[in-house]
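> Supplied in structure tokens, the structure appears directly below.
The values are calculated or read from the model by the stated rules, or taken from the named source; none is laboratory data. What you are looking at is a predicted structure, and each value in this text was computed from that prediction instead of being measured. Because the Cβ atoms are built from the backbone with ideal geometry, glycine has one as well, and the counts that use them run over all protein chains shown. Only protein heavy atoms, including side chains, enter the accessible area calculation; ligands, DNA and RNA are left aside. Shrake-Rupley method; radii C 1.70, N 1.55, O 1.52, S 1.80 Å.
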Amino acid sequence: MEVYPNSIVIPPHEYRHVTLVFCPSAIQQYSATFEAIVAGGGADPATAGFTCEVRGEGTLPSLSFQEPSTMDAAGRPLLKFGKLLAGRSSQLLLNVRNNGLLPASARLEMDHHSAFSLLEGTQTFAVESKKAATFTVNFHPLEVGMYNHELHLRVKQNPFEQYKLAISGECYQEDLMFTGLPDDSLTVLALPDALILPVPVTAPGSSRPQSRLSQQDIALPGGSTITAAAAAAAAAAAQLVPTGVSSYTFALVNESHNKHFRFKWAEHPQLKFSPSVGHIHAGRSKNITVTFTASTPTKLDGQEIKLAISQISYKVNWGNQMSDAQGPEPC
């Protein structure tokens, strides 16, 4: 610790500033005694000088990882994406925090990779004390396999904090997959709500409906508190058949280059798939329309519908000349 200036003259009823410079050489606690002695001040301690204790702490700019919080076998922070379908993208957040006393500047960089990328790009950034910074790592694999990479974080003016962050992910490919589902989902289909409307019933031998109610009489939008029994009673009294219908079309895609499949949807009382059974050749797709029909208030939440898949083959018969391929006709 040093004092500038080391001597001063203070006129009566005035004051002067002095500067104490703290230059720690290690990361530890320091303490010292500051003493100002009055020349010719005599023996009275109240006027002969001034004494106080000075304390300081040696530290360095520092950053630590909030996310990811797990480590790999080598002790590196690990950003693990898990399994991802080929051609899909997934993002994970990288969060660094400054828990130290000083502002910290650092450089974040990642070499080019076919599947991993840092969305914010290589950059130098600063984080104030007790603040954090967040970055996004994107995983976009195109080929099946395991992927590993590294990201580097270098804290300036701190040679002890040069981090290597491990990144891992796995890419897989399904023979059959769904496309065109809402919100780009792979396995979840959220159908539009179906409004139950009264449909008049024609009496035998008559070409005109016997009676009709307005839509407001028994229309049952999703979330209505009317009971199924009340709806059925109202419909029977009016000789109406209430019916709610909604539908959605998506695609079943065969990603294989040499496999053919037969598919069949399981039967369901409210859901009808069209086609419900069929063949999908290698590299081809088939549009599937699912229709939801209900005559009473019905809610399907987390309903699992099974799709039976079996691999099939097409045989070719050879005679004196080439004939058409023989085998089961596609449904």
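> So how many residues does the range 80-112 have that are more than 19 Å from the chain's Cα centre (by Cα) and under 10 Å from Val137 (Cβ atoms)?
1
> Okay, next question. Can you go through Ser105, Ser90 and tell me which one is among the small types (Gly, Ala, Ser), surrounded by 12 or more Cβ atoms within 10 Å (Cβ to Cβ) and more than 30 Å from Thr187 (Cβ to Cβ)?
Unique residue meeting the criteria: Ser105.
> Can I ask one more? Name every residue in the range 141-193 that is open to solvent by less than 80 Å² (accessible area, probe 1.4 Å), polar (S, T, N, Q) and under 18 Å from Leu118 (Cα atoms), in order of residue number.
Ser168
> When you check Arg97 against the structure, is it at pLDDT 95 or above, of a type in the set (Lys, Arg) and open to solvent by 40 Å² or more (accessible area, probe 1.4 Å), yes or no?
So Arg97 passes the test.
> Name the pairs: first residue in the range 155-184 and within 15 Å of Ser256 (Cα to Cα), second residue acidic (Asp, Glu), Cβ to Cβ under 9 Å, at least 6 apart or on different chains?
Gln173/Glu143; Gln173/Glu255; Glu174/Glu255; Asp175/Glu255; Leu176/Glu255; Met177/Glu255
> Which one is farthest from Leu101 (Cα to Cα), of the residues in the range 25-64 that are acidic (Asp, Glu) and free of Cβ contacts under 8 Å to residues at least 40 places away in the same chain?
Only one residue fits best here, namely Asp44.
> Kindly indicate whether Ser64 is surrounded by 13 or more Cβ atoms within 10 Å (Cβ to Cβ) and farther than 17 Å from Tyr147 by Cβ.
yes
> From the set of residues in the range 284-309 that are open to solvent by 50 Å² or more (accessible area, probe 1.4 Å) and of a type in the set (Ser, Thr, Tyr), which is farthest from Phe250 (Cα to Cα)?
Only one residue tops the list, namely Ser295.
> From the set of residues in the range 108-126 that are touching a residue at least 40 places away in the same chain (Cβ under 8 Å) and either open to solvent by 20 Å² or more (accessible area, probe 1.4 Å) or in a strand (DSSP E or B) (or both), which is farthest from Cys171 (Cα to Cα)?
Leu108
> Any residue in the range 237-253 that is of a type in the set (A, V, I, L, M, F, W, C), in a helix (DSSP H, G or I) and either under 25 Å from Leu191 (Cβ atoms) or modelled with pLDDT under 80 (or both)?
Yes, that holds for at least one residue.
> I would also like to ask the following. For residues in the range 46-68 being within 21 Å of Val3 (Cβ to Cβ) and in a helix (DSSP H, G or I), which is modelled with the highest pLDDT?
Checking each candidate, the answer is Ala48.
> Kindly establish whether Lys259 is basic (Lys, Arg), more than 16 Å from Ser247 (Cβ to Cβ) and within 31 Å of the chain's Cα centre (by Cα).
Answer is no for this residue.
> Also, quick follow-up: Output the residue which, of all residues in the range 1-16 that are open to solvent by less than 100 Å² (accessible area, probe 1.4 Å) and not in a loop (DSSP other than H, G, I, E, B), is modelled with the highest pLDDT.
Among those that are open to solvent by less than 100 Å² (accessible area, probe 1.4 Å) and not in a loop (DSSP other than H, G, I, E, B), it is Val3.
> I'm checking my understanding of the structure. Among residues of the range 22-43 that are open to solvent by less than 50 Å² (accessible area, probe 1.4 Å) and of a type in the set (A, V, I, L, M), which one is nearest to Ile10 (Cα to Cα)?
Selected residue: Ala36.
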